[in-house]
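Peer 1: Starting off with a structure, shown below.
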Amino acid sequence: GSTTTRSSPVSVSAPVRFVALSAGWSHTCAIATDGTVYCWGANQNGQLGNGTRADARTPTMVSSQLKFTAVSAGNTHTCAVSEIGEAYCWGRNTFGQLGTGGTADQNVPTKVETTVRFASVTVGGVHSCGRTRGGQGWCWGRNIYGQLGDGTKSDRDVPTRVIGGGVFTAINATGAHTCATSNDGDTSCWGFNVEGQLGDGTRNHHERPTRVIFQGR
């Protein structure tokens, strides 16, 4: 309910209980026990999904009748997965990171243009990725460093499949790169790599999943 910086945990002022939480750059979203989503914080691009662009100091319900099972908050956009596996995104959309087939910002949940059903979704700086129930990786949005993993550097405003045929158990998008764990235990990363964040022993950007090299293995 305030904008005071805190150096120790304080309770969020919410009328509901939460089962999942995701913290973005300057906003936070959470799933309540009944499957509704609440968001709070900065909202200049509609990333709170409540139909406005006004910041919120306490949790506000996302404008949707849907129930969600997963949510991820990024820099200025948010994505979530509905009970039937459809992905919805809202907020800034300059590079197609909402996956709606265009680049218009949205201040309410808007369905991602795909027939693919997702088990989870993860949001980076200006790109998004989802993992299907079968373990396929799909990404959309900004791709200047290859963070979509489709073998190109072309932005995508609808989901494009991560190449390589990997079956993933988890995917995590952040900043301008993405990493995933496969069902055989290997970890692969792709995208921005100036600081060596892809873990392949180089500082080269990669446009497709590249296996992380673990010392001693």
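Peer 1: So, Ser72, is that one buried (at least 22 other Cβ atoms within 10 Å of the Cβ) and either at pLDDT 95 or above or not aromatic (Phe, Trp, Tyr) (or both) or not?
Peer 2: It is true that Ser72 is buried (at least 22 other Cβ atoms within 10 Å of the Cβ) and either at pLDDT 95 or above or not aromatic (Phe, Trp, Tyr) (or both).
Peer 1: Additional query: Could you check the stretch 183-196 and list, in sequence order, the residues that are more than 18 Å from the chain's Cα centre (by Cα) and modelled with pLDDT of 95 or more?
Peer 2: If the condition is that a residue be more than 18 Å from the chain's Cα centre (by Cα) and modelled with pLDDT of 95 or more, then Thr187, Asn193, Val194, Glu195, Gly196 are the ones that fit.
Peer 1: Answer yes or no: is there a residue in the stretch 130-138 that is under 21 Å from His27 (Cβ atoms) and open to solvent by 10 Å² or more (accessible area, probe 1.4 Å).
Peer 2: For the stretch 130-138, residues under 21 Å from His27 (Cβ atoms) and open to solvent by 10 Å² or more (accessible area, probe 1.4 Å): absent.
Peer 1: Evaluate the following for Gly166: is it at pLDDT 95 or above and of a type in the set (Gly, Ala, Ser)?
Peer 2: For Gly166, the condition - at pLDDT 95 or above and of a type in the set (Gly, Ala, Ser) - is not met.
Peer 1: If I ask for residues that are surrounded by 24 or more Cβ atoms within 10 Å (Cβ to Cβ) and touching a Phe, Trp or Tyr at 6+ places or on another chain (Cβ under 6 Å), which ones from the stretch 147-172 would you list?
Peer 2: Those that are surrounded by 24 or more Cβ atoms within 10 Å (Cβ to Cβ) and touching a Phe, Trp or Tyr at 6+ places or on another chain (Cβ under 6 Å): Gly149, Pro159.
Peer 1: For residues in the stretch 75-91 being of a type outside the set (Val, Ile, Thr) and within 14 Å of Asp105 (Cα to Cα), which is surrounded by the fewest Cβ atoms within 10 Å (Cβ to Cβ)?
Peer 2: Checked the stretch 75-91; the qualifying residue surrounded by the fewest Cβ atoms within 10 Å (Cβ to Cβ) is Asn75.
Peer 1: Residues of the stretch 16-44 being out of contact with any strand residue (DSSP E or B) (no Cβ under 8 Å at 6 or more places or on another chain) and either in a strand (DSSP E or B) or farther than 14 Å from Arg92 by Cβ (or both), which ones?
Peer 2: Residue satisfying the conditions is Asp34 alone.
Peer 1: In the list Gln65, Gln47, which residue meets the criterion of being of a type in the set (S, T, N, Q), in a loop (DSSP other than H, G, I, E, B) and surrounded by 22 or more Cβ atoms within 10 Å (Cβ to Cβ)?
Peer 2: Being of a type in the set (S, T, N, Q), in a loop (DSSP other than H, G, I, E, B) and surrounded by 22 or more Cβ atoms within 10 Å (Cβ to Cβ) holds for just one of Gln65, Gln47, which is Gln47.
Peer 1: Report, ordered by the first and then the second residue, all pairs with beta carbons closer than 8 Å, sequence separation of six or more or different chains, a first member in the stretch 152-168 that is more than 21 Å from Cys89 (Cβ to Cβ), and a second member that is assigned to a strand (DSSP E or B) and of a type in the set (Ser, Thr, Tyr).
Peer 2: Qualifying pairs under 8 Å: Gly164/Ser188; Gly166/Ser182; Gly166/Ser188; Val167/Ser182.
Peer 1: Let me ask another. Does any residue of the stretch 203-212 turn out to be open to solvent by 30 Å² or more (accessible area, probe 1.4 Å), at pLDDT below 95, farther than 18 Å from Val162 by Cα and not hydrophobic (A, V, I, L, M, F, W, C)?
Peer 2: no
Peer 1: Starting from residues that are of a type in the set (Val, Ile, Thr) and in a strand (DSSP E or B), keep the ones in the stretch 68-80 and report whichever is nearest to His127 (Cα to Cα).
Peer 2: Thr78
Peer 1: Hey, any hits in the stretch 42-58 for a residue that's closer than 19 Å to Ser120 by Cβ and out of contact with any Cys (no Cβ under 9 Å at 6 or more places or on another chain)?
Peer 2: Checking the stretch 42-58: not a single residue is closer than 19 Å to Ser120 by Cβ and out of contact with any Cys (no Cβ under 9 Å at 6 or more places or on another chain).
Peer 1: Moving to a separate point now. Scan Thr152, Thr114, Thr52, Thr58 and give me the residue that is in a strand (DSSP E or B) and at pLDDT 95 or above.
Peer 2: Thr58
Peer 1: Can you tell me how many residues in the stretch 1-27 are surrounded by 15 or more Cβ atoms within 10 Å (Cβ to Cβ), among the polar types (S, T, N, Q) and out of contact with any Ser or Thr (no Cβ under 7 Å at 6 or more places or on another chain)?
Peer 2: Residues flagged as surrounded by 15 or more Cβ atoms within 10 Å (Cβ to Cβ), among the polar types (S, T, N, Q) and out of contact with any Ser or Thr (no Cβ under 7 Å at 6 or more places or on another chain) within the stretch 1-27 amount to 0.
Peer 1: In the stretch 81-94, what count of residues is obtained for those that are in a loop (DSSP other than H, G, I, E, B) and either under 26 Å from Arg142 (Cα atoms) or of a type in the set (A, V, I, L, M, F, W, C) (or both)?
Peer 2: 6
The values are calculated or read from the model by the stated rules, or taken from the named source; none is laboratory data. What you see is a predicted model; the values in this text were computed from it and never measured. So basically every Cβ, Gly included, is an ideal-geometry build from the backbone, and we count neighbours across all protein chains shown. Quick note on the areas: whole protein, heavy atoms, side chains included, nothing else; ligands and nucleic acids left out. Shrake-Rupley method; radii C 1.70, N 1.55, O 1.52, S 1.80 Å.
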